[in-house]
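Take a look at the structure set out below.
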Amino acid sequence: MRPPRTGYRIPVALPAEIRWKNRKGGNRQMRGTTGNISGTGLFMAVPVRPRLETPITVKVILPTHVAKIPVELLCKGRVIRWNLPGEVPGLGATIDDYELRPAARPS
């Protein structure tokens, strides 16, 4: 059974990067695509399944036609669900804190 959603989800497919620590404390990183975002959570299509309640950081780069300058959304939260078999592989996460900031320019 899925946890109830507490916020209106906006369907948006944007490139995203997720970071977390594995059970041994090693840093993990994976790229994926957002499926939806709200003020309290997000879904991200990604082929990994960090443990439930794993603290994560998700970075989403907003397109310049939306923000006029390169901006990134940096979210801190935790994994609360995985998609069910037969669905797009991915995870749902809460957003406990977030920051909008200028994106680093590619070098």
ask   = Do we find a residue being within 16 Å of residue 89 (Cβ to Cβ) and in contact with a Leu (Cβ under 6 Å, 6 or more places away or on another chain) anywhere in region 31-39?
value = yes
query = In region 65-92, what residues are closer than 16 Å to residue 48 by Cβ and in contact with a Pro (Cβ under 9 Å, 6 or more places away or on another chain)?
reply = 77, 78, 79, 80, 81, 82, 83, 89, 90, 91, 92
message = With the structure loaded, tell me whether residue 18 is of a type in the set (A, V, I, L, M, F, W, C), more than 25 Å from residue 104 (Cβ to Cβ), touching a residue at least 40 places away in the same chain (Cβ under 8 Å) and surrounded by 15 or more Cβ atoms within 10 Å (Cβ to Cβ) or whether it fails that test.
response = no
query = Taking region 84-107 on its own, how many of its residues are surrounded by fewer than 17 Cβ atoms within 10 Å (Cβ to Cβ) and under 16 Å from residue 47 (Cβ atoms)?
reply = 6
request  = Find the strands (runs of 3 or more DSSP E) located wholly in region 1-69 whose residues include 1 or more that are at pLDDT 95 or above and in contact with a Ser or Thr (Cβ under 9 Å, 6 or more places away or on another chain), and list them.
outcome  = 15-21, 41-45, 55-62
ask   = Residue check: is residue 13 touching an Asp or Glu at 6+ places or on another chain (Cβ under 9 Å), at negative phi and among the small types (Gly, Ala, Ser)?
value = no
ask   = Just for region 60-80: of the residues that are surrounded by fewer than 16 Cβ atoms within 10 Å (Cβ to Cβ) and touching a residue at least 40 places away in the same chain (Cβ under 8 Å), which one is farthest from the chain's Cα centre (by Cα)?
value = 63
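The values are calculated or read from the model by the stated rules, or taken from the named source; none is laboratory data. These numbers come from a predicted model, not from an experiment. Glycine also receives a Cβ, built like all others from the backbone with ideal geometry; neighbour counts cover every protein chain displayed.
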